Amino acid sequence: MTTRTYANFNTKVTPQSEPIPGSAQIQNHAGGYAFQIDDWKRLERFLILGSDGGTYYVGERQLTKENAACVIRLLKVDPRRVVDILVGISEAGRAYKNDPALFALALASSPTFVRNAEDRAYALSALPKVARIGTHLLHFVQYVDGLRGMGYALRKSLSSWMNDKDGDALAYQTLKYQSRDGWSMRDVLRVAHPKPMDEAHKAIYAYIANAQMIEGAPALLGVYEAMKAAQSVEEVCGLITANNLTWEFVPSQWLGEKTVWDALLPRLPFTALLRNLGRLTSLGLVGTFGKGEGIVVEKLNDREQMQKSRIHPFGVLLALKTYGQGHGFRGSLSWSPNTAVCEALDDLFYASFQNAEPCRKRMLLGLDVSGSMDSPIMDSPVTCMEAALAMSMVHMHNEPFTKIMGFDTGMKDLGISRKDTLDSALNRLHRNGGGTDCSLPMLYAMGNRIPDSFKASSRPRGYWNTSSYSFGHDMIPVDAFVVLTDNETWAGNVHPVQALKEYRRISGLDAKLVVVGMQSSNISIADPSDGGSLDVVGMDTSVPAVVADFLRD
């Protein structure tokens, strides 16, 4: 056996296609090796990112199974902690979609996975905190139906959800969210058998059961029936104005009328406004310097209403991408984007994150632009790459000393500065579609001081990436590397953690690493034993504050 054979066993320089000797690394879905995050961290990723749409390497069905298995394992360890975490994330609005929290709550209420009745009762007591609106309740019932029977405790919890609301509030939820995913409020009523608390509830239940109007019914039920019977646009608009109705109460045959939307516009809730910006513009209601433009921009700048509506940054990003391109992702609707609206959306995106005091550290933001990052995030038209760029812009917007670089198997300056809007930054994004080498941000910062051992592998050509890692600049002083990736790294001659250690050694800086995971997998390039590394979840509203606090310490 030659000296070279023994030298291949190296903990300082290991190709990403192999685990670092002595580490607990596991193989990722791309064939490379990374660190496995613990189940509690994966739970957080799942609750924030979900598994809708899967990833570049893993289908939605498999990813959901993997995440469900993680939740089930944790329920066996500490079911109440699971409930507390999902309630906290849901109530704080840290996730764009509430479905993962509702699904996890359904698992926590199931006798199959939680044997202790008191622990299941604890989970069901959290239902009003997680299922805050009718559509949440219907999703929860759908998930529960696939996991367990409708026992007494569950029926009691569903009954309480309905009875604990006053008559007007329950009528509003009943009419606005009549059915979702094959379940209706009538189905919930049939399952729960709630006993009416007063005459208003008695009337609402009669209306839900058979559309019967009886004495004591909240006025909104009568208004809704009048709206269904309306015969003219004028009658519809009169009902909207007199009763302050939202668009869900308008029959579909009237939703193509400009006059109807003109009446609805001042009353549109925040989320509905974001989803209907294109429609409003196509109907001519958002013209430059017009009344509609003023109403829309004023609403988008209302930070207090934004917080009450739990507007999530991803919802704003999706609205900005859709509106800015001038056409929907489905259907034939098109429009000319209004500049003032685009600017208001840009401001709203940054405002939708939690406030963070700048840490004023020198940050190199490494944005993964490899092929796997072109997969959709949360089953949307937005890619992981675009969402990662948006997160990068948040850091650049908040911190004075930042630089954004894109990488796959090479590094590229994307030319993005603090002067860019989110829309202009997205237009600068380059999709190279290559492999993934997450060590590159650290190697780039080393410049011409990269060790020769990092530049070439002793393995046969083609066994892994044989990049020369040649950069012509001097070493760049960096306090923190922020790498935004799906963690499916595989193409490098050296692992990211090895490159980080070498950068710390040659620079004399205690550089930290923040890994922003853009998919709900169980892997990370961050070494969990390194106190100078942090793993956070992409599109989490708390990320800027958490990262700033971590780097400030």
Residue under evaluation Thr541, criteria (1) under 22 Å from the mean Cα position of the chain (by Cα); (2) surrounded by fewer than 24 Cβ atoms within 10 Å (Cβ to Cβ); (3) among the β-branched types (Val, Ile, Thr); (4) not in a loop (DSSP other than H, G, I, E, B), criterion not met: (4)
Qualifying position, being more than 28 Å from Ser179 (Cβ to Cβ), modelled with pLDDT of 95 or more, of a type in the set (A, V, I, L, M) and surrounded by 14 or more Cβ atoms within 10 Å (Cβ to Cβ), among Val260, Val233, Val296: Val296
Residue list for the stretch 209-229, restricted to those being surrounded by 13 or more Cβ atoms within 10 Å (Cβ to Cβ), not hydrophobic (A, V, I, L, M, F, W, C) and not in a helix (DSSP H, G or I): Gly216, Pro218
Complete set of residues in the stretch 175-208 that are more than 34 Å from the chain's Cα centre (by Cα), open to solvent by 40 Å² or more (accessible area, probe 1.4 Å) and of a type outside the set (Lys, Arg): His193, Pro196, Met197, Asp198, Glu199
Every residue from the stretch 498-520 that is under 29 Å from the mean Cα position of the chain (by Cα) and either open to solvent by 10 Å² or more (accessible area, probe 1.4 Å) or farther than 30 Å from Thr541 by Cβ (or both): Lys512, Gln519
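For (1) polar (S, T, N, Q); (2) touching a strand residue (DSSP E or B) at 6+ places or on another chain (Cβ under 8 Å); (3) open to solvent by less than 40 Å² (accessible area, probe 1.4 Å), each residue gets a yes or a no:
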{"position": "Gly278", "(1), (2), (3)": "no, yes, yes"}
{"position": "Val286", "(1), (2), (3)": "no, no, yes"}
{"position": "Gly290", "(1), (2), (3)": "no, no, yes"}
{"position": "Lys308", "(1), (2), (3)": "no, no, no"}
{"position": "His312", "(1), (2), (3)": "no, no, yes"}
{"position": "Leu317", "(1), (2), (3)": "no, no, yes"}
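Restricting attention to the stretch 353-377, which residues are crowded, with 24+ Cβ neighbours inside 10 Å and outside any strand (DSSP E or B)?
If the condition is that a residue be crowded, with 24+ Cβ neighbours inside 10 Å and outside any strand (DSSP E or B), then Val369, Ser370, Ser372, Met373, Ile377 are the ones that fit.
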Residue ranges of helices (runs of 4 or more DSSP H) in the stretch 112-174 with at least 1 members among the β-branched types (Val, Ile, Thr), over 20 Å from Leu220 (Cβ atoms) and under 25 Å from the mean Cα position of the chain (by Cα): 127-130, 134-145
Filter result (open to solvent by 40 Å² or more (accessible area, probe 1.4 Å), farther than 23 Å from Ser110 by Cα and out of contact with any strand residue (DSSP E or B) (no Cβ under 9 Å at 6 or more places or on another chain)) within the stretch 36-58: Asp38, Tyr56, Tyr57
Failed item, numbered, when Tyr350 is tested on (1) open to solvent by less than 10 Å² (accessible area, probe 1.4 Å); (2) outside any loop (DSSP other than H, G, I, E, B): (1)
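The values are calculated or read from the model by the stated rules, or taken from the named source; none is laboratory data. Bear in mind the structure is a predicted one, so any value in this text is a computation, not a measurement. So basically every Cβ, Gly included, is an ideal-geometry build from the backbone, and we count neighbours across all protein chains shown. Heads up: the accessible areas ignore ligands, DNA and RNA and are worked out on the full protein's heavy atoms, side chains in. Shrake-Rupley method; radii C 1.70, N 1.55, O 1.52, S 1.80 Å.
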